[in-house]
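Quick note: the coordinates plus some simple rules give every number you see, no bench work behind them. Because the structure is predicted, anything quoted here is derived from the model rather than measured. Neighbour counts are summed over all protein chains in view; Cβ atoms, including those assigned to glycine, are modelled from backbone coordinates with ideal geometry.
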Amino acid sequence: MNSKHENAPYPPDTLGMDAQEMRRLGYAVVDAVIQRLENKHSEPAIAAAEPGPLLEILGGALPEEAYPTDESLDLLINSALFHQQHGDHPRYFARIPGPSSFAAIIGEWIGVGFNSIAASWPGGSGPSAVELVVIDWLRQLMGLPKNTEGVLVSGGSQASLTAIAAVRALKGQGCVYLSDQTHASLLRALRTLGFGEQDIRILESDGHYTMSAESVQDAITKDKRRGLTPMMIIATAGSTNTGAVDPINLLADICAEYDVWLHVDGAYGAPAALTKSGKLSLEGIQRADSLTLDPHKWLFQPYDVGCLLIRPGVLEPCFSMNPEYLKDVRGADNATNFRNRGFELTRRSRALKLWFSFRSYGVAKFREAIDYSIALTEFAEQYLRENPDRWEIISPAQLGIICFALRGESAQEHERRAQSLSESGFACVTTTRLKDRTVLRLCIINPLTTQADITETIDRLGC
Ligand SMILES: Cc1ncc(COP(=O)(O)O)c(C=O)c1O
């Protein structure tokens with residue numbers, strides 16, 4: 001039987017789009033993305049819509065037949081992608097922004113275009129090699145030991161979940177110590193993995209919103225007296241609320257004394273280690289037994305990419321699976337099969353964008369950008385301090401985060417002002433709660449943000 005494509009070149013698209021149309025659409029997408037990046041300063045930092053109208057515009061009958069691609073592209077750009085938090089906007093200060101860079105976007109695109117896969121060495125030796133290289137670059141930046149292993153995942157939540165599962169497999173169930181400032185994803189990870197109230201110690205943070213070493217020491221001593229086994233301390237290197245860094249060195253000493261694992265959550269803050277001042281704030285981070293960091297935050301990568309760095313030989317005993325149907329193609333001995341380092345089997349290469357952006361900009365550019373944001377947050381603090389009758393600093397500038405409040409105004413008034421500024425689209429700002437007080441919070445990690453963006457945002461919040 002003659003093949004349908006005998007003597008003819010295979011069509012380039014699986015479902016029959018011709019090459020000319022593929023190029024036209026591809027160039028249109030590049031143009032749309034670059035146009036938005038050029039204009040984003042004057043567009044809203046966040047845009048939300050009611051579910052009804054959005055679902056009506058984007059929904060409709062299941063498209064049995066094709067619609068014109070330009071119409072669909074227009075709907076995606078102007079209705080779907082417009083209505084979101086624009087984490088790369090220079091006045092997006094809420095939660096943790098996502099100031100992605102263009103070389104990283106290109107790295108992501110090319111991986112998608114080539115349908116990259118980094119599940120096993122035989123099935124993805126190229127992307128797997130890139131991931132090993134990138135993990136080692138990140139290790140070097142964090143100052144962790146040479147034999148450190150790692151894996152790229154979807155983000156901080158997944159990195160910490162992976163770490164806790166692997167450490168529990170290594171050490172057995174035991175008590176875990178965290179603070180009331182630990183990111184909620186850690187508590188969720190513990191509960192997901194079956195840790196109960198009897199295993200979890202949430203310690204009250206001190207006046208600087210950090211976990212005090214004394215409180216951990218006390219809790220461990222108490223647990224040991226009761227015959228319980230302390231398993232892990234979770235330190236935060238840059239808390240989401242205030243940017244505070246737990247006393248990692250002191251906690252590492254306690255871990256060494258009691259044979260306890262030190263997991264450090266540096267999801268947003270760890271990249272500050274690239275800079276001189278950040279390194280000082282993060283003292284001791286190199287002593288982590290495992291470290292979570294999120295390149296899609298302060299390493300300027302588009303969503304999503306998180307990284308777990310961990311002592312060698314811990315991931316694979318927990319996650320390895322080698323069923324008969326995955327054994328057909330033999331890989332090199334000692335090759336890394338990333339499917340055996342975490343929960344995912346099929347996994348795209350999240351390393352390509354990091355590799356391409358590190359090479360395209362050079363690490364010096366990343367360092368300069370992080371340094372700039374640390375200094376800009378200090379500028380914001382100084383600007384607020386110039387008006388002490390109006391503003392109170394609740395938590396000073398730390399690793400790109402500052403929390404402050406209007407003197408004499410209620411929690412509701414703070415929330416109202418943050419919401420009204422965000423609804424105006426000029427900037428996106430949120431409140432948070434610190435020791436039962438509602439405060440305003442800016443997270444400033446986008447190197448495109450200017451001093452004028454900061455002063456205008458603060459002035460609008462204050463008036
Ligand atoms: C300190 C910290 N840990 C963990 C996370 C969770 O990271 P992700 O949203 O990438 O899962 C965040 C997110 O902001 C964070 O700030």
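Here's how it looks for residue 153: its modeled amide H is under 5 Å from those of 306, 307, 308, which are all 5 or more places away or on a different chain. Any chance you could check the Cα centroid distance between segment 255-274 and segment 84-150 for me, in angstrom? After rounding, the separation between the Cα centres reads 20 Å. May I ask for the distance between the Cα centers of segment 170-230 and segment 399-453, given as a whole number of Å? Here the answer is 30 Å between Cα centres. For the cross-link pairs 171/297; 171/327; 297/435; 279/435; 276/435; 40/365, the ones whose C-alpha atoms lie over 24 Å apart are 171/297; 171/327; 297/435; 279/435; 276/435. Here the extension length gained between residue 320 and residue 387 equals 18.3 nm, from 0.36 nm per residue of separation less the Cα-Cα distance.
Listed values for segment 348-355 are Karplus-derived 3J(HN,Hα) couplings in whole Hz (6.51 cos²θ - 1.76 cosθ + 1.60, θ = phi - 60°), namely 6, 7, 8, 7, 4, 5, 5, 4, and x replaces Gly and Pro. For segment 106-363, averaging the sequence separation of C-alpha pairs within contact (under 8 Å, six or more residues apart) and dividing by the residue count gives a relative contact order of 31 percent. Net charge of the neighbourhood of residue 165, taken over other residues with C-beta under 12 Å away and scored Lys/Arg +1, Asp/Glu -1, is +3. Relative to the Cα centre, what is the charge dipole magnitude of the chain, using +1 at the beta carbon of each Lys and Arg, -1 at the beta carbon of each Asp and Glu, and rounding to the nearest 20 debye? Roughly 1200 debye, rounded to the nearest 20. The modelled label-to-label distance for the pair residue 14/residue 36, using points 7 Å beyond Cα in the direction of Cβ, is 2.4 nm.
Take the Cβ atoms of residue 73 and residue 345, set R0 to 30 Å, and the FRET efficiency comes out at 0.40.
The phi-based Karplus calculation (6.51 cos²θ - 1.76 cosθ + 1.60; θ = phi - 60°) puts the 3J(HN,Hα) values of segment 212-220 at 7, 4, 4, 5, 5, 4, 4, 5, 5 Hz, whole numbers, x for Gly and Pro. Placing dummy labels 7 Å off each Cα toward the beta-carbon, the span from residue 419 to residue 221 is 4.7 nm. The modelled label-to-label distance between residue 334 and residue 65, using points 7 Å beyond Cα along the C-beta direction, is 6.1 nm.
Think of the chain as a dipole: +1 on every Lys or Arg Cβ, -1 on every Asp or Glu Cβ, centred on the Cα centre; then among 78, 446, 19, 446 lies furthest on the positive end. Here the Karplus curve 6.51 cos²θ - 1.76 cosθ + 1.60, taken at θ = phi - 60°, turns the phi angles of segment 446-463 into couplings of 9, x, 7, 5, 10, 4, 5, 4, 5, 5, 5, 5, 5, 4, 5, 5, x, 8 Hz, with x standing for Gly and Pro.
Compared with the alpha-carbon gap, the fully stretched path from residue 407 to residue 146 is longer by 89.0 nm at 0.36 nm per residue. Sparsely packed loop sites in segment 189-270 (the trypsin sites (Lys or Arg not before Pro) outside DSSP H, G, I, E and B with at most 14 other Cβ atoms within 10 Å) comprise 226.
If you plug the beta carbon distance of residue 276 and residue 27 into 1/(1 + (r/R0)^6) with R0 = 35 Å, you get a FRET efficiency near 0.25. In plain terms, the chain from residue 200 to residue 43 could stretch by 52.1 nm, reckoned as 0.36 nm per residue minus the Cα-Cα distance. Near the amide H of residue 391, within less than 5 Å, lie the amide hydrogens of 407, all on another chain or at least 5 residues away, with H placed in the peptide plane. Computed from the C-alpha gyration tensor, the three semi-axes of the ellipsoid equivalent to the chain are 38, 33, 20 Å, from longest to shortest.
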